[in-house]
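Structure incoming, see below.
Coordinate-derived values only; no laboratory data. No experiment lies behind these values; they were computed from the predicted model shown. Virtual Cβ from ideal backbone geometry, glycine too; neighbours counted across all protein chains shown.
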């Protein structure tokens, strides 16, 4: 795509009041725009990154046999009353009345998915069920700061699985855990799998996927040798302690929660009557687990981890474009840059081409550094019939032929 | 995908109270589920169709240079007050208060997109802007009937364009009109482009894209010879009249509105201060137009148009799968059907394989007819090393080799 057509252009100043680095950079580089506290538009660049994040999640979940669908965002009070969460989650839910009927906006979907399951006459052979969607969540967060890391309206992928037995639930729970680790690895995020409390979801422990980052709102304790890791809500260790499971030492860090998984058990099915009939004719509640990942929170997290003082540095797999092509407007170079652009498009490579006129090379380079696409290509008088190749994460500048550029990109 | 794993299975009975054919068939065939009046889950089959509808829309809009993004669903009262629509659209909007702050759910996004544009210091060279998203809309419809045709929560693609001049706006308006006709044609829907009033959007006339159907809530008058067509809200002709623009005759029909486009003008920009500075330094309001298509309403419309007494008959371009493979469980045929399934997948063909055991051939055929995938393939003892080919829309049954099947599918 031509940068001259992209909405919006980068801006010099960070928004007033923005503290978190991801907030400042995502706004300045034109990835997001704040409508009100905790509420953001995904602008075309941000939308592209989130779509790539979603596709990675989608691929790995489909691999586990999960099926994608889409549940509603506005829910009737009645269904939330069945589990008591209309009251117990009142603080976090947006609830309202219209014509004497009460509604809540989706802060999660356990009740809705259990309602869906119980309405369909599920046979033994249909289990396990693995259903997910990407949908908007609304949570009345008192502190909506940290940019898109803690929003009041955000995207979530939530997966729900229903099983005949606890053993089967635990088996799939472990499978999703492995899928999550793969998902975050594909985005070049290193995560700790951390034991945590179940919050308003369950009285059992859950697992969080935490990325170490000073801007994180969680505090975790983890072993420097083994996989032991706990959220401070439940941790009985402190920094400097000996690890309870090996001879390692406990460290502590702030961290951003990018995913969480809950082995919910039979509570939801019992309260809502999601029952199956076993071989002996007995009615039994299904075992439920739920699994969340926040694609928009990941957008912010990735920027927290991948940036320098010039701008963002996207990992390749989720960069909005593969290549940022900069045209230095030396007279006579127009046909070359057009040829390079067309040839890259022809090869199926996603290119953002800074085709602006009357803009200095320095400004174009600064724009490229701010947006953070991993590969910068330059066409200028100096590059002649070659192309300048520079990676966003390095300093090295190379002159390559078009064929060499393509070979490296493939 | 294996049908044995699909959630949910088809069901014999239509939901109580369902009147519209699309509602009955989409629920029975497992495409949608009703959470409450006017609110539906897109089940895995329905989700697949809607994704295909979205991709067709996306491709044709991108072709016009439009850029995809995603705007929030919960809006602050303040922005709706700027145009007066907090009051004037009160009936249709879901409005509520939380902690002394008032919000509305998105019933449309004009105010939000204009806010976005005015905040970014747009230069003359940045125009025209063409921005769209697929997002959830909430409308407090008094009569939420006709299944997914008139829901209170539904998906909409809304495109907004901003221009320096009326001429430029009109030019793009016509371009989008052509894109819409292409979009509906790709879904095998024949539409009338109908003049209509601007509703709560504008005091100017708009254009609706109407599909003739007895279940439709609109009444239109159109010429049997030329393109003249008007919604009865504004029509000054009646059935049997002579066409005002040619020598044709006026006909009338019920119709379903699947899209609409509004040449909004400068009202929004004037009220909200979305101004640009022209060459002479004067501040001028931008010209706005908006363009909607309802992907979930299209799901219902397609079923209204494409069904018979056995079930749905999807047009190829938006069918949830390309092929429905039925295994008649004759002993010894398992390796053949597995081979055919694997080979189809290998070729990149989307197959729904009815692999259920202990289910009669008759029941499997009825399931295939109800779901409505355009091609049914059968493997049984009778078909030997050939495959039975039958189209959903015809009666003819043919025996083909695997190579012939592939050739026809490509």
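Against the longest principal axis of chain B, how steep is helix B:295-305, in degrees 0 to 90 to the nearest 10, with axes from Cα atoms?
With both axes taken from Cα atoms, the answer is about 50 degrees.
Put a point 7 Å out from Cα along the line to Cβ at residue A:408; what are the distances to that point in the other copies, in nm, shortest first?
Inter-copy label distances (nm, one decimal, shortest first): 5.1.
Please check: in the Gaussian network model of chain B (C-alpha springs, under 10 Å), which one of B:308, B:247, B:232 has the largest mean-square fluctuation.
In this elastic network of chain B, the residue with the biggest mean-square fluctuation among B:308, B:247, B:232 is B:247.
Would you please give the FRET efficiency between residue A:396 and residue B:121, computed as 1/(1 + (r/R0)^6) with r the Cβ-Cβ distance and R0 = 30 Å, to the nearest 0.05?
Details: r = 35 Å, r/R0 = 1.18.
Once the sixth-power term is evaluated, E becomes 0.25.
May I pose another question? Based on the Cα atoms of segment B:67-135, what semi-axes does the equivalent ellipsoid have, where each is the square root of 5 times one gyration tensor eigenvalue, given in whole Å with the largest first?
On the way: eigenvalues 125, 34, 24 Å².
Taking √(5λ) for each Cα gyration eigenvalue gives 25, 13, 11 Å.
While we're on this one: For residue A:219, which inter-copy label distances result when the label point lies 7 Å beyond Cα on the Cα-to-Cβ vector, reported in nm to one decimal and in ascending order?
7.1
Now for a different question. Below 8 Å between Cα atoms, with a sequence gap of 6+, how large is the relative contact order for chain A in percent?
Numbers: 830 pairs, mean separation 66.2, N = 410.
Computed value for chain A: 16 percent relative contact order.
Can you tell me which of A:335, A:15, A:128 moves the most in a GNM of chain A? Springs connect C-alpha atoms under 10 Å apart.
A:335
Using a Gaussian network model of chain B whose springs link C-alpha atoms within less than 10 Å, name the residue from B:356, B:48, B:152 with the highest mean-square fluctuation.
Result: B:356 has the largest fluctuation of those listed.
Another question, then. Within segment A:163-203, which residues have the backbone N less than 18 Å from the label spot 7 Å out from residue A:245 along Cα→beta-carbon, could you tell me?
Hits in segment A:163-203 for residue A:245 at 18 Å: A:170-182, A:191-198.
By count of other Cβ within 10 Å, fewest leading, how are A:333, B:296 ordered? Write out the running numbers ahead of the final one.
Numbers: A:333 17, B:296 24.
Arranged by neighbour count, lowest to highest, A:333, B:296 become A:333, B:296.
Checking the a/c ratio against 1.5 first, then a/b against b/c, what shape does the Cα gyration tensor give for segment B:21-148?
Numbers: a/c = 2.79, a/b = 1.26, b/c = 2.21.
Oblate.
Now for a different question. Can you tell me the orientation of helix B:334-346 relative to chain B, as the angle in degrees between its alpha-carbon axis and the longest Cα principal axis, to the nearest 10?
Helix B:334-346 sits at roughly 30 degrees to that axis.
Only bridges with both residues in chain B count here: give the DSSP antiparallel percent, nearest 5.
Numbers: 68 of 81 bridges.
The answer is about 85 percent antiparallel.
Let me ask something else. Roughly how crowded by other chains is peptide A:59-71, in terms of the mean Cβ count from those chains within 10 Å of each of its Cβ atoms? Kindly include the intermediate steps, with their values, before the conclusion.
On the way: counts 0, 0, 0, 1, 0, 0, 3, 1, 9, 5, 11, 13, 7.
Mean shielding by partner chains, rounded to a whole number: 4.
Could you give, in nm with one decimal, how far residue B:350 is from each other copy of that position, shortest first, with labels 7 Å out from Cα toward Cβ?
Those label-point separations list as 2.1 nm.
For segment A:105-231, what are the per-bin percents of Cα-Cα distances with bins 10 Å wide, up to the bin holding the maximum?
Per 10 Å bin, starting at 0, the Cα pair percentages come out as 10, 33, 39, 15, 3.
Could you tell me the calculated FRET efficiency between residue B:171 and residue B:97, based on Cβ-Cβ distance and R0 = 41 angstrom, to the nearest 0.05? Don't skip to the end; give the middle numbers.
Numbers: r = 43 Å, r/R0 = 1.05.
That gives a FRET efficiency of 0.40.
To continue, here is another question. Helix-derived [θ] at 222 nm for chain B: sum -39500 (n - 2.57) over DSSP H runs of at least 4, divide by residue count, nearest 500?
On the way: 11 runs with 117 residues, N = 410.
The helix contribution divided over chain B gives -8500 deg cm²/dmol.
Ratio of Rg to Rh for segment A:165-302, alpha carbon only, Kirkwood? List each step's numbers first, then the result.
Values: Rg = 17.1 Å, Rh = 16.4 Å.
That ratio is 1.05, to two decimals.
Right, another one. Determine Rg/Rh for segment A:321-409; Rg is computed over alpha-carbon atoms and Rh is the Kirkwood hydrodynamic estimate from the same atoms. Walk me through the numbers before you get to the answer.
Working: Rg = 11.7 Å, Rh = 12.9 Å.
Expressed as Rg/Rh, it is 0.91.
For each of A:103, A:40, count neighbouring Cβ atoms within 10 Å of the residue's Cβ, then give the residues from fewest to most. If you can, show how the numbers build up before the last one.
Numbers: A:103 22, A:40 27.
Ranked by crowding around the Cβ, least crowded first: A:103, A:40.
Mind checking A:40-51 for the average number of partner chain beta-carbons within 10 Å of each residue's beta-carbon?
On the way: counts 3, 11, 6, 7, 7, 2, 2, 5, 3, 0, 2, 2.
Mean inter-chain Cβ contacts per residue within 10 Å come to 4.
Which value results for Rg/Rh of segment A:40-87 when Rg is the Cα radius of gyration and Rh the Kirkwood radius based on the inverse mean 1/r? Present the calculation step by step, with values, prior to reporting the outcome.
Working: Rg = 16.2 Å, Rh = 13.9 Å.
Rounded to two decimals, Rg/Rh equals 1.17.
Once Rh is set to the Kirkwood radius over Cα pairs, what Stokes-Einstein translational diffusion coefficient, in µm²/s, holds for segment B:3-308 at a temperature of 37 °C and a viscosity of 0.692 mPa s?
Working: Rh = 20.6 Å.
Rounded, D is 159 µm²/s.
When a footprinting reagent is the concern and you count Cβ atoms within 10 Å, what order do B:78, A:403 take, fewest first? Before the final figure, lay out each step's value.
Working: B:78 13, A:403 8.
Listing B:78, A:403 from fewest to most nearby Cβ atoms yields A:403, B:78.
OK, next. Name all residues of segment B:363-390 having a backbone nitrogen under 17 Å from the label point set 7 Å from the Cα of residue B:403 along its Cα→Cβ direction, giving them as ranges.
Taking a point 7 Å out along Cα→Cβ of residue B:403, the residues of segment B:363-390 whose backbone N falls under 17 Å are B:385-387.
Let me ask something else about it. By how many degrees, between 0 and 90 and to the nearest 10, does the Cα long axis of helix A:166-186 differ from the longest principal axis of chain A?
Result, in degrees: 10.
For the rotation bringing B onto A, which B residue has its Cβ nearest the axis, and at how many Å?
Taking Cβ atoms only, the nearest residue and its distance are B:96, 2.
Contour minus end-to-end for residue B:366 and residue B:224, with contour as 0.36 nm per residue of separation and end-to-end as the Cα-Cα distance? Provide the component values of the computation, followed by the final result.
Details: separation 142, 0.36 × 142 = 51.12 nm, distance 3.88 nm.
Extra length available between residue B:366 and residue B:224 comes to 47.2 nm.
Then there's this: Given 20 °C and 1.002 mPa s, how large is the Stokes-Einstein diffusion coefficient of the protein assembly as shown in µm²/s, with Rh as the Kirkwood radius over Cα pairs?
Once the numbers are plugged in, D ends up at 74 µm²/s.
Here's a follow-up. Classify segment A:258-410 from the C-alpha gyration tensor, please: rounded if a/c falls under 1.5, else prolate or oblate depending on whether a/b exceeds b/c. Walk me through the numbers before you get to the answer.
Details: a/c = 4.30, a/b = 3.03, b/c = 1.42.
Note, shape of segment A:258-410 comes out prolate.
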